[in-house]
Amino acid sequence: MELDEIRKQLTHRLHRIKGQLDALEKSLHNKDEDCEKTLILLKASSQALKKFGEAYVQEYMDRCFSEKKPSASIQKNLKKAIKAAFSL
């Protein structure tokens with residue numbers, strides 16, 4: 001996948017996250033606040049941000065791997081460590 005397409009996809013993810021955060025902020029200022037809906041929005045935005053971070057770091061590492069050609073075991077172990085870091 002081309003770098004421009006990847007950047008476009010990552011930007012799209014960020015825009016969705018911004019929308020979720022805006023909805024979360026609006027729910028806080030709503031006098032008829034639905035607590036359950038607010039919690040769902042919070043979880044969704046939190047998960048989306050984690051997924052964005054993971055996708056961004058994975059893409060960065062993929063580009064570094066293609067330029068520096070580390071061993072397959074190093075790539076595998078690094079990818080596992082990155083995934084574990086963002087699944088906490």
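The values are calculated or read from the model by the stated rules, or taken from the named source; none is laboratory data. Every value quoted in this text rests on a predicted model; they were computed, and no experiment measured them. So basically every Cβ, Gly included, is an ideal-geometry build from the backbone, and we count neighbours across all protein chains shown.
Structural remarks
- Scanning the stretch 1-33 for residues that are within 13 Å of Ala44 (Cα to Cα) and of a type in the set (Val, Ile, Thr) returns a single hit, Ile17.
- All positions within the stretch 1-58 that are assigned to a loop (DSSP other than H, G, I, E, B) and aliphatic (A, V, I, L, M): Met1
- Enumeration of residues in the stretch 13-27 that are basic (Lys, Arg) and loosely packed, with under 13 Cβ neighbours inside 10 Å: Lys18, Lys26
- Residue within the stretch 43-61 that is over 30 Å from Glu5 (Cβ atoms) and touching a helix residue (DSSP H, G or I) at 6+ places or on another chain (Cβ under 8 Å) present: no
- Close pairs (7 angstrom Cβ cut-off, 6 or more residues apart or separate chains): under 14 Å from Val57 (Cα atoms) in the stretch 2-16, part of a helix (DSSP H, G or I) and among the hydroxyl-bearing types (Ser, Thr, Tyr) anywhere: Leu10/Tyr56
- Meets criteria (in a helix (DSSP H, G or I), on the phi < 0 side of the Ramachandran plot, surrounded by 14 or more Cβ atoms within 10 Å (Cβ to Cβ) and at pLDDT below 90) for Ile82: yes
- Restricting attention to the stretch 42-88 and to residues that are touching a residue at least 24 places away in the same chain (Cβ under 8 Å) and among the β-branched types (Val, Ile, Thr), the residue that is nearest to His15 (Cα to Cα) turns out to be Val57.
- Residue, nearest to Ile17 (Cα to Cα), within the stretch 28-43, restricted to residues that are over 25 Å from the mean Cα position of the chain (by Cα) and surrounded by fewer than 10 Cβ atoms within 10 Å (Cβ to Cβ): His29
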